[in-house]
Amino acid sequence: MKFRTILLFGAPGSGKGTQGKVLGSIPGFYHFSCGDAFRQLKRDSDLGKIFFEYSSRGQLVPDEPVIRVWQQYMQTAEREGRFHPKTDTLLLDGIPRNVRQAKLLKSLVHVRFVLYLSCADPKKLVARLKRRAMLENRQDDADPKVIRQRLQTYEHDTRPVLDFYGPELLRTIDSIQTPIQVLHEILGVLVKSDPK
C-alpha cells in the first residue's frame, strides 16, 4: 500500500521543519523530517556515522541509507500507533533530496502534491540557518562554509526534484513571509486540495 503523501519542499532554511511540525499536530497528518530522523541516530551506529560524516561537510547522505532510515522510522511509527497509513496523510520533509530518491520512493508513496516553500533571497535563508544553529545547537547550520555548500547542493541536486513531479503537482508558497502567513497559505492549499 502506498502512503498518501504531501511533500514539504524548499531550500535549507525555507521553513519546512517549522511548518511540518505545526501541520503534523493536526489529526490525520503525520510529519516525517529526514534531518530529525538522522539526528536521532546514535553517532556510533553505522547509519549515524554515515549521516554525521556527510552532514558535517554540507553534503547529501547517499540515497540507500536515506531510504533505509525512512523505512525503518515509518515501520516503527506504524507499529507504535503514531502513523496510520489507511487514514493519515504523510508530510515528507527533507526527502526526497534528489531525483534518484524520488524514483526509489515512487513505489512506496503516492504524492498528492508538492508544497514548495520558495525563497528568492538566499541571504534570508543564510540568516535563518544561523539563527537556527544558535537556537537548536545545530552544528551543521553554524559554519558559513557548510551553509554555502548545503545551498549549492540544494540547487544542483535537490531543486531538479520539482521537475520530476511536474508543475501540475506544484503548490508554490512564498517562504519569506512570516511563519503564520506561510501557514495560512498552506492551510488554504490543503483545504482546497482536500488530500483526503
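Residues that are within 16 Å of G17 (Cβ to Cβ) and charged (D, E, K, R): does the stretch 36-49 have at least one?
yes
Can you confirm whether the stretch 137-149 contains a residue that is exposed (fewer than 14 other Cβ atoms within 10 Å of the Cβ) and without any contact (Cβ under 8 Å) to a residue 60 or more places away in the chain?
Looking through the stretch 137-149, at least one residue is exposed (fewer than 14 other Cβ atoms within 10 Å of the Cβ) and without any contact (Cβ under 8 Å) to a residue 60 or more places away in the chain.
Give me the pairs: first residue in the stretch 47-76 and at positive phi and part of a helix (DSSP H, G or I), second residue modelled with pLDDT of 85 or more and among the hydrophobic types (A, V, I, L, M, F, W, C), beta-carbon distance under 6 Å, and six or more apart or on different chains, which are they?
Cβ pairs passing all conditions: none.
Quick check on my filter: what residues within the stretch 21-38 are in contact with a helix residue (DSSP H, G or I) (Cβ under 9 Å, 6 or more places away or on another chain) and either farther than 23 Å from T5 by Cβ or surrounded by 16 or more Cβ atoms within 10 Å (Cβ to Cβ) (or both)?
Of everything in the stretch 21-38, those that are in contact with a helix residue (DSSP H, G or I) (Cβ under 9 Å, 6 or more places away or on another chain) and either farther than 23 Å from T5 by Cβ or surrounded by 16 or more Cβ atoms within 10 Å (Cβ to Cβ) (or both) turn out to be V22, L23, F29, Y30, H31, F32, S33, C34, G35, A37, F38.
Collect the residues in the stretch 90-118 that are under 19 Å from K16 (Cα atoms), of a type outside the set (K, R), in a loop (DSSP other than H, G, I, E, B) and out of contact with any strand residue (DSSP E or B) (no Cβ under 7 Å at 6 or more places or on another chain), keeping them in residue-number order.
I95, P96, N98
Only residues that are over 24 Å from S107 (Cβ atoms), hydrophobic (A, V, I, L, M, F, W, C) and modelled with pLDDT under 95: list them for the stretch 1-50, please.
A11, L41
The values are calculated or read from the model by the stated rules, or taken from the named source; none is laboratory data. In this text the structure is predicted, and so the values were computed from the model without any measurement. Reconstructed Cβ throughout: ideal geometry from the backbone, glycine too, with neighbour counts over all protein chains shown.
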